[in-house]
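Read the figures in this text as sums done on the coordinates, not as results from a lab. Predicted, not measured: the structure shown is a model, and the values here were computed from it. Virtual Cβ from ideal backbone geometry, glycine too; neighbours counted across all protein chains shown.
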Amino acid sequence: ATPTSIMVGTGKGAERGILFKGGEFLEGTHKIDTVLLDKTGTITKGKPEVTDWIPLVEEDQLLSYLISAERGSEHPLANAIVAYGEEKEIEYKETDHFEAVPGHGVKATINNENILVGTRKLMEQHSISTSEKETQISALESEGKTVMLVGMNGTLAGLIAVADTVKETSKEAIHQLKQMGIDVYMVTGDNIRTAQAIADQIELEGVFAEVLPEDKSDKVKQLQDEGKRVMMVGDGINDAPALALADIGVAIGTGTDVAIETADVTLVGGDLQLLSKAILLSQKTMKNIR
Ligand code: ADP
Ligand code: MG
């Protein structure tokens, strides 16, 4: 690699909003044959909004308990729920105990009531059965919504669903990568049905769902062990270990500082079409060298 061609390439990238942290990453990008995309904030806009609130018990205060529990969480899903409460001018209650359960939800104790919000698994772990509402939950998930279950003192008390919009450019971006012969996968902590519904919208066949935050990097490792050269693309704190392990880690510029600091490349605006541009730029740069 001549230093001049690398400099020219890095400069061209920067003009387009592709920030390489060093020449070696511009050089390495053309070798990529597999791309792993985080869902929320990477494929989607990362601004989920509440679409359905379904209380299942007679409890006037249920929504207030739910909002108060989620106030302790910084998760985008929690933000969506808190914003919903603000819109409805719901009053908060003081929380005596709060605990985030990564990849699953939150637990809180408020006025001696035990509140749980999150996945089916979280409910199961607390012996709360969700089977009676499974049809309703699945139907919402098939629409691409993330359904969070609300448990109160050991019973299923409500369902709250949020939806996040796919970025306008995601489908075309994935098409471009596939045309280049690259395998593209989604990796998400969300449930399989929701993930599949989003994947269908963007014509993406490969989906790894219900991947716990600490397991995203294992997916990268697994593909690398199969001989793949992996690019991981993500925006969250959860994505950082996977970004670090990947052959090329790409952060979304609108994402968290941790993701940007860990990644080798940052896409300024978060348009995934820049991924194929980055690979082409790398290919051209390497051709000039040889
Ligand atoms: P991702 O960021 O990929 O959506 P996470 O691993 O953070 O996934 O979370 C996985 C799942 O856990 C979410 O889809 C949701 O069902 C549940 N969850 C996570 N955080 C919360 C929260 N604060 N409140 C309710 N549910 C949550
Ligand atoms: Mg994300």
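Below are the figures for this structure:
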| read-out | value |
| --- | --- |
| Scan of the range 16-40 for residues that are charged (D, E, K, R) and out of contact with any Gly (no Cβ under 7 Å at 6 or more places or on another chain), ordered by number | R16, K21, E24, E27, K31, D33, K39 |
| Within the range 198-267, strands (runs of 3 or more DSSP E) holding 2 or more residues that are away from ligand 1 (no atom under 16 Å from the Cβ) | 230-234, 248-252, 265-267 |
| Selection status of T146, within 16 Å of ligand 2 (Cβ to nearest atom) and either farther than 19 Å from L62 by Cα or over 21 Å from the mean Cα position of the chain (by Cα) (or both) | yes |
| Check on G13, in contact with a Phe, Trp or Tyr (Cβ under 6 Å, 6 or more places away or on another chain) and surrounded by 19 or more Cβ atoms within 10 Å (Cβ to Cβ) | yes |
| Members of the range 80-99 that are surrounded by fewer than 18 Cβ atoms within 10 Å (Cβ to Cβ) and within 16 Å of ligand 2 (Cβ to nearest atom) | none |
| Subset of the range 238-279 (residues that are more than 12 Å from ligand 2 (Cβ to nearest atom), of a type in the set (A, V, I, L, M) and in contact (Cβ under 8 Å) with a residue 40 or more places away in the chain) | A246, I248, A263, V265, L267, V268, L272, L274, L275, A278, I279 |
| All positions within the range 136-162 that are in a strand (DSSP E or B) and surrounded by fewer than 19 Cβ atoms within 10 Å (Cβ to Cβ) | T155 |
